[in-house]
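> Handing you this structure, nothing more for now.
Readers should treat all values here as calculations from the given coordinates under stated rules, not as data from a laboratory. Being a predicted model, the structure only gives us computed values, none of them experimental. Glycine gets a Cβ as well: all are built from the backbone with ideal geometry, and neighbour counts include every protein chain shown.
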């Protein structure tokens, strides 16, 4: 029997949620018995090579590349999960939403105190994805099936969720794993 | 600092005994004399009354009619609620913009005119309507708007237009307004003959406790909409500990589509004041305050004159009607454009000279209200009903209306009907009966209870209007064939987004999210999941908000979802690929393309 496939990605996030995935420690050996990773920073597979059962998405969308990766995940995964607060509601990167995009560019490339940019030009290299007008939560771009809160969600939360999903059992997270005050 | 400015402000503050609780009056007067309340003025006020400058600023920035910047000499506030838009407010707005060469929200360069939109100003029976400074103009047309604009440009006011006065006391020299009463059906209560003093005489013949017993026996419930038993409220207030107690009259009639208090204040103010005086006697209060919405400023001189006449007649003041130790007087507190101040604890905050923030409950106003003292806040119409109960007796009142809702009720009917206006009818009248009276048998929907009420569909027109079925403070808006009910719900959500005081998150953020999702659906970018989302979010707002505004603000969406679901369902379609139709990459990168100066390399959708 082939193992179910799991893909992961970090969009406008800090990779903290991926660190939390790795925090499952030796359970990762058990996990590898349960699943195969497909497209993921863990495997360094860049393009989907097979349809996946689960896609774990860290971070919201701040640029056009994020949008394409996320839409690609939607097309290739049966179940999409927002992992962490940035994916769910934009998180820290979304703090720029109160500032105009023009001001963001000016601060980053022209006026910032540590900026050295004699030409004063805003970079327009095609390698740099264009920023979106604001940072969007994943659910504003594609339909997300589940949301896993936390900054980051703890390793136990991620583990319990994955196991419940893969074994088709109801998920019952103890209060300690989902309280944040 | 400008010495003259300081002197003027000192004088104004002294007029109110440098009492920070009279902040509303102080800033209103400062604005009237200087066109706005500048930072310099705020500093001077703060120094004079002994509060921090930020406290003055918090008041000025809270109310729609107050401003830190100088507005034009003439401020035109055009009502842009749904009813007024149905009757051409948009065309009137265009005319004003063209005539003055500015957009709404702007002031002309010469400082002559500011154009602003305002929510319901209590004139839905004569739309479109606007406030020109404190003056109300109704039944506006584009032609009329041009004439108004020309007069303002030539003379700086609209006096030369000689606008005809309305009926009844609207023509009283102290009112002098073109507002019409549109009093379509009088019952034998509020607009029946009344001899000032008749109710008070009967009240003081009894003990205060007997008086409250009578009000309880009449089964009178609050006329503002929530329907709390009036006698019980008075009993609590009377029983609460406090050396002083207060009677507050809620005349902040701001619920869209309500204008019955306007007609009471114009034609039956004696009855209302008498009811307040009875309340003072019953609960043991010596002072009463009428909190009058800023939009009804045009009635203040008239109302103050009525109060003076009552003092002269011994119906207010010391030893009223010769009753030793029965002292009671009333003052009018002006609001300044804030819907939330109709909520009783926000109203108290405003009377105390603060932002109109609701307060935590408990303690309830009956225990700790105005200035921390036991306070009874009742609606204009409730006080009128009390006076009639005292005059005619509790049984007379109790046998009217329906089982759970005694008495007659005033309804303000507006929208697509032949005879919009005020109707005094018994509780228990069905929607259908009301529609027949107003000439609107072809209605496709009726909004009962204002923006926070229920959108009723034709198959529910047999329901009775009363506290147990369709509750209302009086607002009934009728919509005929062809009206877009999703646009209606959207306009109410816009209203709540604007009027939320911003204190609690469910109301401040939730209403915005709800409105945005509704916009997706109206634009044809919604999915069936959005309907479930709106229901869930709406119920969260309802159950977790701090005051009545948030607890009812989701109703426009929730009740249309319930009663007109097919309208929503015809607009949404499932997303086959799991992508959200409301998101457009083209739109999202457009600004970036402009700033960076290159096109997106990704395909355009």
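> With a cut-off of 8 Å between alpha carbons and a minimum separation of six or more residues, what is the relative contact order of region B:402-551 in percent?
On the way: 223 pairs, mean separation 28.7, N = 150.
Contact order relative to length: 19 percent.
> Indicate the gyration tensor shape class of region B:122-170 (rounded, prolate or oblate), computed on the Cα atoms with a ≥ b ≥ c the square roots of the eigenvalues: a/c under 1.5 is rounded; otherwise a/b larger than b/c is prolate and the rest oblate. Write down the numbers at each step before the final one.
Working: a/c = 1.95, a/b = 1.46, b/c = 1.33.
It comes out prolate by the Cα gyration axes.
> Sticking with this one: Two decimals is fine: what is log10 I(q)/I(0) at q = 0.25 Å⁻¹ for region B:3-62, from a Debye sum with one equal scatterer on every Cα and no solvent?
After summing over all Cα pairs, the log10 values are -0.99.
> What is the antiparallel percent of DSSP beta bridges lying wholly in the protein assembly as shown, to the nearest 5?
Values: 29 of 75 bridges.
Percentage antiparallel, nearest 5: 40.
> May I ask you to work out the translational diffusion coefficient for region B:298-374 at 25 °C, viscosity 0.890 mPa s, via Stokes-Einstein with Rh from the Kirkwood sum over Cα pairs, reported in whole µm²/s? Show your work: numbers first, answer last.
Working: Rh = 14.4 Å.
My calculation gives 170 µm²/s for D.
> Okay, next question. Based on the alpha-carbon gyration tensor of region B:185-398 and its eigenvalue square roots a ≥ b ≥ c, which shape applies: rounded if a/c is under 1.5, prolate if not and a/b is larger than b/c, or oblate? Write down the numbers at each step before the final one.
On the way: a/c = 1.33, a/b = 1.14, b/c = 1.16.
Judged from the Cα gyration tensor, region B:185-398 comes out rounded (a/c under 1.5).
> Separate question: If only Cα atoms are counted, what is the Rg of the protein assembly as shown, and what is its Dmax, in Å?
30.6, 99
> Per residue of B:583-591, what is the mean number of Cβ atoms on other protein chains within 10 angstrom of that residue's Cβ? Provide the component values of the computation, followed by the final result.
Details: counts 9, 0, 8, 0, 2, 12, 8, 3, 9.
Shielding by partners across B:583-591 averages 6.
> Is it possible to state the helix-based mean residue ellipticity at 222 nm for chain B, with each DSSP H run of 4+ residues giving -39500 (n - 2.57), the sum divided by total residues, to the nearest 500 deg cm²/dmol? What is it?
Value at 222 nm, helices only, nearest 500: -12500 deg cm²/dmol.
> Measure nothing fancy, just the Cα-based angle from helix A:64-76's long axis to the longest principal axis of chain A, in degrees from 0 to 90, nearest 10.
20
> Take the alpha carbon atoms of region B:159-211, find their center, do the same for region B:422-465, and report the distance between the two centers in whole angstrom.
That distance is 26 Å.
> Roughly how large, in nm² to one decimal, is the mean projection of the convex hull of the alpha-carbon atoms in region B:485-569? Don't skip to the end; give the middle numbers.
Working: hull surface 18.6 nm².
The number I arrive at for region B:485-569 is 4.7 nm².
> Considering every residue in A:104-111, what mean count of other chain Cβ atoms within 10 Å of its Cβ is obtained?
Average per residue, whole number: 1.
> Could I ask something else about it? Expressed in whole Å with the largest first, what are the equivalent ellipsoid semi-axes of region B:110-247 derived from the C-alpha gyration tensor as the square root of 5 times each eigenvalue?
They are 44, 19, 15 Å, listed largest first.
> Still on this structure: Hey, what did region B:468-605 get for relative contact order, percent, Cα under 8 Å, at least 6 apart? Present the calculation step by step, with values, prior to reporting the outcome.
On the way: 121 pairs, mean separation 33.3, N = 138.
The value is 24 percent.
> Based only on Cα atoms, what mean projected area does the convex hull of chain B have, in nm²? Before the final figure, lay out the partial values.
Details: hull surface 119.6 nm².
Its Cα hull, projected and averaged over all orientations, spans 29.9 nm².
> Also: Taking other Cβ within 10 Å of each residue's Cβ, how do B:70, B:405 sort, fewest first? Walk me through the numbers before you get to the answer.
On the way: B:70 15, B:405 22.
Least crowded to most crowded, the residues run B:70, B:405.
> May I ask you to sort B:23, B:86 by Cβ crowding, counting other Cβ atoms within 10 Å and putting the fewest first? Each step should come with its number before you reach the end.
Values: B:23 24, B:86 21.
With the fewest neighbours first, B:23, B:86 line up as B:86, B:23.
> For a test of the definition: using alpha carbon positions, the gyration tensor, and the 1.5 limit on a/c, classify region B:408-479 as rounded, prolate or oblate. Each step should come with its number before you reach the end.
Working: a/c = 1.30, a/b = 1.12, b/c = 1.16.
Note, shape of region B:408-479 comes out rounded.
> Something else now. Would you mind ranking A:171, B:303, A:53 by Cβ crowding within 10 Å, fewest neighbours first? Could the numbers behind the result be given before it?
Details: A:171 13, B:303 22, A:53 17.
With the sparsest Cβ surroundings first, the list reads A:171, A:53, B:303.
> Here's something else I'd like to know. Compute the distance from the alpha-carbon center of region A:23-83 to that of region B:320-338, in whole Å.
Taking the Cα centre of each part, region A:23-83 and region B:320-338 sit 70 Å apart.
> Relative contact order of chain B: what whole-number percent is it, with Cα pairs under 8 angstrom and at least 6 residues apart?
Details: 1202 pairs, mean separation 75.4, N = 605.
Over chain B, the number comes to 12 percent.
> Taking the mean number of other Cβ atoms within 10 Å as a proxy for protection, how do you rank B:411-419, B:90-98, B:383-391 from highest to lowest?
Most protected by this proxy first, the peptides run B:383-391, B:411-419, B:90-98.
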